[in-house]
Amino acid sequence: MAKTSQTRTVTLTDNETGQTYEFPVISGSDGPDVIDIRRLYAETGMFTFDPGYTSTGSCESAITFIDGEKGILRHRGYSIEDLAGKSDFMEVCYLLLYGDLPTVKEKEWFQNTITNHTMVHEQLLFLYRGFRRDAHPMAVMVGVVGALSAFYHDSTDINDPQHRVIASHRLIAKIPTIAAMAYKYTIGQPFVYPRNSLSYAENFLRMTFAVPAEDYSISPAVSRAMDRLFILHADHEQNASTSTVRLAGSSGANPFACIAAGISSLWGPAHGGANEAVLNMLHEIGTKDRIPEFIERAKDRDDPFRLMGFGHRVYKNYDPRASVLRESTHEVLDELGVKDEPLLELAMELERIAIEDDYFAERKLFPNVDFYSGIILKAIGFPTSMFTVLFAVARTVGWVAQWKEMIEDPSQRIGRPRQLFVGEKERPFVPVADRK
Ligand code: CMC
């Protein structure tokens, strides 16, 4: 729990009136202290102005800690390197939701519980048919996940702790089924029902790639890679989509509607859509000799082109998730028997040239999680349009854990930012016939 400092305050002086105001400083368990400005408007009649929330803490949270300067990411105190290397996605889900790594018994209970919720209501299948076959799978995800609240009324009462738990489990369990169905629909293949004897990653791979006409065998290397990708994307504190989920949920909206809002926010190329954009960019660059041309374009203020998979609002160092992925990309491609993947060679050369360039060094722009993930996903066999969907599958647990934490926070209120109004002041209404 955060502590308000007994001694430390910050003083604000209005240089016009000479009036001073004091605000308490609050310390968390790690990371920068914050200035508590909750009484700012009441005391000064002024708001703060922080578009993009670069300096604004929106909530207390005990789930994920990031030190962007040092490139540190921890969930509930455990480093992402340890979790990606020694744990599995089900354990990480439990950790994010319940605060500790599970014991053997707890893990078994959690796995069984999630497994028992993997099927979706049969009526939901008809919803897919309303979409065009060429719909982007993220468009289908937004629609179908939002529609879950029309199917699972018995878990939409956010004030009932049991409803909250069931909705959380349902979302984590059903999201791979819904995602695989979105893919199957766009390629015109029959939906594949979940198989409860398989692990979370294996089940997802089978629902995505199996066809009823043949047996499907799952490569352990592929399911391990998939599981690791899920871990690396599971949560990332108050990013755009998570903040969207919290803001939507702050009004009391049901969790299915909130997660659909999160999926919409994730879709954008500045956020989860970047993994798809990275691969499209690598294809566009094509060969190593064209890298300098694209680097110059990324540096040109008059050109909207940005190096996708580079830069981050919080990390001013190598994104630790990108480090894990960079190391495992070679390993995974070897295990999959993909020799000399030209896109990987191109990505590594692009990274080398960009990192040595003053423009990127001065702005502390490093590869982020999306830079290498697409190469692994492509090697597994996913089309680029599914990349962001996979991000959504993995991030659902993070969204759900953050939503639950918010609802259970006694100080929670509806999220309602203020604004700096720059429009017209009051003016007289002119009847249409008299308007010039
Ligand atoms: N290529 C070229 N220049 C860049 C890039 C880039 N990828 N990213 C930032 N810059 C420049 C930007 O032009 C600005 O320069 P100047 O100071 O001269 O105006 C400076 O670096 C700071 O950028 P910003 O836009 O103010 O930074 P931000 O914190 O608002 O944006 C970002 C963060 C991730 C949206 C941005 O770096 C970006 O668009 N990156 C490419 C998209 C991407 O890879 N997104 C995935 C993020 S990680 C996964 C996730 O969150 O989903």
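The values are calculated or read from the model by the stated rules, or taken from the named source; none is laboratory data. Quantities reported herein were computed from a predicted structural model and do not represent experimental measurements. Because the Cβ atoms are built from the backbone with ideal geometry, glycine has one as well, and the counts that use them run over all protein chains shown.
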inquiry  = Here is a check on your reading of the model: is ILE355 within 15 Å of the ligand (Cβ to nearest atom), more than 23 Å from the chain's Cα centre (by Cα), at pLDDT below 95 and surrounded by 14 or more Cβ atoms within 10 Å (Cβ to Cβ)?
reply    = yes
ask   = For segment 372-383, does any single residue satisfy the condition of being in a helix (DSSP H, G or I), within 14 Å of the ligand (Cβ to nearest atom), touching a residue at least 60 places away in the same chain (Cβ under 8 Å) and of a type in the set (S, T, N, Q)?
value = yes
query = Within segment 279-287, is even one residue touching a residue at least 24 places away in the same chain (Cβ under 8 Å), in contact with a helix residue (DSSP H, G or I) (Cβ under 9 Å, 6 or more places away or on another chain), near the ligand (Cβ under 9 Å from one of its atoms) and farther than 30 Å from SER79 by Cβ?
reply = no
inquiry  = Tell me whether segment 419-426 contains one or more residues that are over 17 Å from the mean Cα position of the chain (by Cα), in a helix (DSSP H, G or I) and either closer than 21 Å to ALA261 by Cα or more than 16 Å from the ligand (Cβ to nearest atom) (or both).
reply    = no
ask   = Do the conditions hold for ILE291, that is, is it within 16 Å of the ligand (Cβ to nearest atom), under 27 Å from GLY415 (Cβ atoms) and in contact (Cβ under 8 Å) with a residue 60 or more places away in the chain?
value = no
task = Determine whether segment 296-313 contains at least one residue that is of a type in the set (Phe, Trp, Tyr), touching a strand residue (DSSP E or B) at 6+ places or on another chain (Cβ under 9 Å) and closer than 21 Å to THR384 by Cα.
result = yes
request  = Go through GLY374, GLY309, GLY337, GLY398 for me and flag whichever is under 16 Å from the mean Cα position of the chain (by Cα) and on the phi > 0 side of the Ramachandran plot.
outcome  = GLY309
key: helices (runs of 4 or more DSSP H) wholly inside segment 237-325 that include at least 3 residues being within 23 Å of GLU69 (Cα to Cα)   = 240-250
ask   = Restricting attention to segment 196-204, does a residue exist that is of a type outside the set (Val, Ile, Thr), closer than 22 Å to ARG133 by Cβ, surrounded by 19 or more Cβ atoms within 10 Å (Cβ to Cβ) and modelled with pLDDT of 95 or more?
value = yes
ask   = So which helices (runs of 4 or more DSSP H) stay within segment 82-161 end to end and still have 3 or more residues that are in contact (Cβ under 8 Å) with a residue 24 or more places away in the chain and closer than 20 Å to VAL400 by Cα?
value = 89-98, 104-115, 137-147
ask   = Does segment 120-134 include one or more residues that are over 19 Å from VAL389 (Cβ atoms) and either within 25 Å of the chain's Cα centre (by Cα) or among the β-branched types (Val, Ile, Thr) (or both)?
value = no
task = Check LEU350, LEU365, LEU344 and return the single one that is surrounded by 20 or more Cβ atoms within 10 Å (Cβ to Cβ), not in a helix (DSSP H, G or I) and not acidic (Asp, Glu).
result = LEU365
remark   = When segment 238-255 is checked residue by residue, the ones that are under 10 Å from the mean Cα position of the chain (by Cα) and buried (at least 21 other Cβ atoms within 10 Å of the Cβ) are ASN239, SER241, THR242
All positions within segment 326-341 that are in a helix (DSSP H, G or I), more than 16 Å from the ligand (Cβ to nearest atom) and not hydrophobic (A, V, I, L, M, F, W, C) = GLU327, SER328, THR329, HIS330, GLU331, ASP334, GLU335
inquiry  = If a residue must be over 16 Å from ASN275 (Cα atoms) and within 13 Å of the ligand (Cβ to nearest atom), how many such residues does segment 384-398 contain?
reply    = 1
inquiry  = I need a count of the residues in segment 79-106 that are of a type in the set (Phe, Trp, Tyr) and surrounded by fewer than 17 Cβ atoms within 10 Å (Cβ to Cβ).
reply    = 1
